[in-house]
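Report on the structure given below.
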Amino acid sequence: MKISVIGCGYLGAVHAASMAELGHEVIGIDVDPARIESLQQGIAPFHEPGFDALLKKNASHLTFTTDMSAAADASVHFVAVGTPQAADGSADMTYVNSAIESLTPYLTKGDLVVGKSTVPVGTAERLAAHVTPTGAHLMWNPEFLREGFAVEDTLSPDRLVYGVPEGTDGDTATAVLDEVYAEILAKDTPRLVMNFATAELVKVAANSFLATKISFINAMAEIADVTGANVTQLADAIGYDTRIGRRFLNAGIGFGGGCLPKDIRGFVARAEELGVGQALSFLKDVDDINMRRRTRVVDVLTEELGSLDGKTIAVWGISFKPDSDDIRDSPALDIAESLARSGATVVSADPEGWKPAQARVERAGLSASLTTTSDHRAAVTGADAVVVATEWKVFQNEAPGAIGDLMTQRIVVDGRNCLNVTAWKEAGFRYRGMGRA
Ligand code: UGA
């Protein structure tokens, strides 16, 4: 089938390459010429395991352009543009609206437009009014991919969610999308068909649940810190109950990235608009608990070092999670900036995130006190303390003794509770975890 994918960020670019992998002829469209140039050359504009290989393998039937008229050749159009957080916390719909507006003139009768962006409930119904007069159908098909596993999650998803309009239009649209995803459906992937509002809500509800799970365990970490309990053992013990489950119960410096933080805020803003804000008031606590994790690290370091003024601190990790170069709302970078603002000299190290972070540090006016590097050993050289803020394997596998030899003082703050506590203590480190001593 001929497919266009509008928006070539993490979601869209991976989706385009994955659709090509399924055998379709795909055109990726984006307004950013630099991004398109890079993708067209087969170079991934961001770090995502397996994505480069997919681009190269499918180059014969995968092209990229900034020209929306190229969508005219396709019969299925995925809309995968970003919905960033607006100043008031709501989702900024500028890109979705403009994508639909510029796509509409190229739609023909029988085409299928598939929304993938994370949107406030009610959006699909509103957009259908623009799309259906052209004779095209609209569906909402939220995406649940995790960065770092984007290719795997797109090609082997846990489930497919189809949001369809009521009536025969919905059946036609479903049949077309089934054809697009035939290979995925053949693997017995559950497919759930529902109305627009439910499909839109599934996405934000899933992310809100995950965020709540993380903040729940971080709230337990706060209690553990004052009682001498160990939050990792607590998570292990409650996680054996299959109704609870162990995944997403890792306490630490909390969640960041381009999705969970903005999605819970956008969901709260939408619920308030709909007059049911009270139903989601707990998500404000989820957000507050999460943001407190970042100040906790600064507090622990202050306890350990007295004042931060004039101290040198290494932060291991810049990206919001390992195997990603994404620094959007990254707790690791936020903490590094707070430490720099508190008078410390900070060296942040990350295998991938160090590059995009440089520009942000400059913009924040912090380049005199915060530098970034890919070399985590260089970062700890002469440091009074090291903070592990992103759990890259390369940090976890380090020999604590060798690291201690490079430092001025042996103090480690394990912001992700990912280190071998005994090994670091045996190497003479003062170890401070998040909800575990
Ligand atoms: C998240 C969801 O997991 C995906 O299902 C969803 O499709 C995606 O958002 C999206 O909306 O596009 P992602 O942002 O890639 O995916 O990252 P996660 O793996 O969910 O991690 C989010 C943050 O939570 C990270 O900062 C991570 O370090 C933190 N986290 C995760 C914890 O602090 N503790 C945990 O136990 C798990």
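The values are calculated or read from the model by the stated rules, or taken from the named source; none is laboratory data. All values derive from a computational prediction rather than experimental measurement. So basically every Cβ, Gly included, is an ideal-geometry build from the backbone, and we count neighbours across all protein chains shown. Quick note on the areas: whole protein, heavy atoms, side chains included, nothing else; ligands and nucleic acids left out. Shrake-Rupley method; radii C 1.70, N 1.55, O 1.52, S 1.80 Å.
Distance between the modelled labels on R377 and Q40, one decimal in nanometres: 4.2 nm (7 Å Cα→Cβ projection). Among the trypsin sites (Lys or Arg not before Pro) in the range 169-269, those located in a DSSP loop and surrounded by at most 16 other Cβ atoms within 10 Å of their own Cβ are K187, R243, R246, R247. Ranking C8, C418, C259 by solvent-accessible area of protein heavy atoms (1.4 Å probe, all protein chains present), from largest to smallest, gives C259, C418, C8.
Per-residue surface analysis assigns L201 an accessible area of about 60 Å², computed on protein heavy atoms at 1.4 Å probe radius.
Students often get this wrong, so check it: of K213/K311; K284/K311; K187/K262; K2/K187; K116/K213, which have C-alpha atoms separated by over 26 Å?
Pairs exceeding 26 Å: K213/K311; K284/K311; K187/K262.
Counting only protein heavy atoms and a 1.4 Å probe, the range 348-406 has 43 square angstrom of accessible area per residue.
Remark: the range 41-48, residue by residue, has Karplus-estimated 3J(HN,Hα) of 7, x, 9, 5, x, 8, 8, 8 Hz, where x stands for each Gly or Pro and the curve is 6.51 cos²θ - 1.76 cosθ + 1.60 at θ = phi - 60°. Computed with every protein chain present, the accessible area of M291 is close to 70 Å² [probe 1.4 Å]. For the chain, averaging the sequence separation of C-alpha pairs within contact (under 8 Å, six or more residues apart) and dividing by the residue count gives a relative contact order of 12 percent.
When the charge dipole of the range 120-245 is built from unit charges on Cβ atoms (+1 for Lys and Arg, -1 for Asp and Glu) and taken about the Cα centre, the candidate among P142, I244, T172 whose Cα reaches farthest toward its positive end is I244. Of all beta bridges that DSSP places with both ends in the range 1-115, some 5 percent have antiparallel geometry. Long hydrophobic helices in the chain: the complete DSSP H runs spanning 30 Å or more by Cα along their own axis with mean Kyte-Doolittle hydropathy of at least -0.5 are 196-227, 282-305. The phi-based Karplus calculation (6.51 cos²θ - 1.76 cosθ + 1.60; θ = phi - 60°) puts the 3J(HN,Hα) values of the range 364-380 at 6, x, 10, 4, 6, 10, 9, 10, 10, 8, 8, 9, 6, 6, 4, 4, 7 Hz, whole numbers, x for Gly and Pro. When the solvent-accessible area of the range 43-180 is split by element, carbon and sulfur atoms take up 54 percent of it, the probe being 1.4 Å. Shown here for the range 90-135: trypsin sites (Lys or Arg not before Pro) in loop regions (DSSP other than H, G, I, E, B) with at most 10 other Cβ atoms within 10 Å, namely K109. Here the dipole of the range 283-437 is about 200 debye; that uses its Cα centre as origin and unit charges on the Cβ of Lys and Arg (positive) and Asp and Glu (negative).
For the range 54-175, the relative contact order comes to 20 percent (Cα pairs under 8 Å, sequence separation of at least 6).
Accessible area per residue for the range 234-309 is 51 Å², calculated with a 1.4 Å probe on protein heavy atoms, without ligands, DNA or RNA. Straight-line cross-link partners of K57 among the aspartates and glutamates, defined as a Cα under 17 Å from its Cα and at least 8 positions apart when in the same chain: E21, E25, E48, E152. For the range 1-59, the relative contact order works out to 31 percent when only alpha carbon pairs closer than 8 Å and six or more residues apart are counted.
Ellipticity at 222 nm from helices only: DSSP H runs of n ≥ 4 in the chain, each -39500 (n - 2.57), divided by the residue count, give -13000 deg cm²/dmol.
Computed over protein heavy atoms with a 1.4 Å probe, the accessible surface of the range 132-177 works out to 38 Å² per residue.
Determine, from the Cβ-Cβ distance of A129 and A423 and an R0 of 56 Å, the FRET efficiency 1/(1 + (r/R0)^6), rounded to the nearest 0.05.
Details: r = 61 Å, r/R0 = 1.09.
Once the sixth-power term is evaluated, E becomes 0.35.
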